[in-house]
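The values are calculated or read from the model by the stated rules, or taken from the named source; none is laboratory data. Here the structure is a predicted model, which means the values were calculated and not measured. Virtual Cβ from ideal backbone geometry, glycine too; neighbours counted across all protein chains shown.
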Amino acid sequence: MNKYKLRFKPYGSIAILIEWPKEINRDILKNRILFKRKIKTEMADYILDTVPAYNSLTVFFDTSKIKYSGVVKKAKEIYEMKYKDLKLPYKLWKIPICYDESFGIDLNEMAKSRNLSKEEIIQLHSSAIYDVHFIGFLPGFLYLGGLPEEIHFNRKATPRQKIVKGAVGIAGGQTGIYPRESPGGWNIIGNSPIDFFDVNQDRPCFTSAGDRLQFVAVDKSTYEKILGKVKAGTYIIESKDYGQ
């Protein structure tokens, strides 16, 4: 598993911060997820929680059972081990997005700033396959990697006080969907009718880190039909299982 040179640093008195190179790609994502799984298995007696990010994993431990130096030593040993079961199965989810100008409120400004057409931005955004790196900020907010460089846009200088549920945004090299109404500074290009977090489900968020997403452009009429099915509880998100 020891593909990268990791950095281990204290994170307060009850956690360590493990860092990977500052890149956003699937290889680091896979390495981090598999390492997290091994840590939670091999160190189950004294690990309290783990919190992932794009290039890091924060590990909280029980100080009554182990010291910081012991956690670092054991984690390094685990990372250096050779494993045979290093596959990362995943689901590819097809997520409908409506890029209609009533939803894509920043598309015109974005297109002008890059000398691109709105159609080119939509095509680039919907043709990529994105990796789910982690979930945070809001319950069900997916941090996605894999955005084409041509449509990397800085966050807005002044965040909006209200971004509607389902809004699809771009910030830097990231794209994501607001699972509920929230303030936000991302550039909004469309909207998805899907529920990304539902407390009434056994799994409130249908996807998890390691899965992949592809956006499917739909017109406003199709969007409304899907939204009706989502509200009725009859819509099934298209997905396919893959082994890796």
(message) What's the number of the only condition in (1) under 23 Å from Ala53 (Cα atoms); (2) in contact with a strand residue (DSSP E or B) (Cβ under 6 Å, 6 or more places away or on another chain) that Ser208 fails to meet?
(response) (2)
(message) Considering only residues that are at negative phi and either exposed (fewer than 12 other Cβ atoms within 10 Å of the Cβ) or in a helix (DSSP H, G or I) (or both), which ones fall in the range 102-116?
(response) Ser102, Leu107, Asn108, Glu109, Met110, Ala111, Lys112, Ser113, Arg114
(message) Just the residues that are of a type in the set (A, V, I, L, M, F, W, C) and under 24 Å from Asn108 (Cα atoms), please, taken from the range 166-218.
(response) Ala167, Val168, Ile170, Ala171, Ile177, Trp186, Ile188, Ile189, Phe215, Val216, Ala217, Val218
(request) Restrict the check to the range 71-81 and report whether at least one residue is over 17 Å from the mean Cα position of the chain (by Cα) and in a loop (DSSP other than H, G, I, E, B). (result) yes
(request) Exactly one condition in (1) within 25 Å of Lys156 (Cβ to Cβ); (2) without any contact (Cβ under 8 Å) to a residue 12 or more places away in the chain is not met by Lys73; state its number. (result) (1)
(request) Check Leu48 against each of (1) under 30 Å from Tyr223 (Cα atoms); (2) in the same structural domain as Ala15 (by TED's automatic domain parsing) and name the one condition it does not meet. (result) (1)
(message) Only one of Arg32, Arg37 is touching a His at 6+ places or on another chain (Cβ under 9 Å) and within 14 Å of Ala75 (Cβ to Cβ). Can you tell me which?
(response) Arg32
(message) Just to verify a result, which residue in the range 45-74, among those that are of a type in the set (A, V, I, L, M) and surrounded by 15 or more Cβ atoms within 10 Å (Cβ to Cβ), is farthest from Trp20 (Cα to Cα)?
(response) Ile66
(message) Residues that are basic (Lys, Arg) and within 26 Å of Gly210 (Cβ to Cβ): does the range 93-110 have at least one?
(response) yes
(message) For the range 199-238, give me each residue that is under 17 Å from the mean Cα position of the chain (by Cα) and either at pLDDT 95 or above or surrounded by 12 or more Cβ atoms within 10 Å (Cβ to Cβ) (or both).
(response) Pro204, Cys205, Phe206, Thr207, Ser208, Ala209, Gly210, Asp211, Arg212, Leu213, Gln214, Phe215
(message) Please verify whether Ile121 is at pLDDT 95 or above and touching a helix residue (DSSP H, G or I) at 6+ places or on another chain (Cβ under 7 Å), treating the condition exactly as stated.
(response) yes
(message) If I ask for residues that are within 13 Å of Ser56 (Cα to Cα) and either free of Cβ contacts under 8 Å to residues at least 60 places away in the same chain or part of a helix (DSSP H, G or I) (or both), which ones from the range 24-33 would you list?
(response) Ile28, Leu29, Lys30, Asn31, Arg32, Ile33
(request) Sort out for me the strands (runs of 3 or more DSSP E) sitting completely within the range 174-243 that have 2 or more residues that are in contact (Cβ under 8 Å) with a residue 40 or more places away in the chain. (result) 174-177, 187-191, 212-218, 238-242
(request) Give just the number: which of (1) surrounded by fewer than 18 Cβ atoms within 10 Å (Cβ to Cβ); (2) assigned to a helix (DSSP H, G or I) does Pro21 not satisfy? (result) (2)
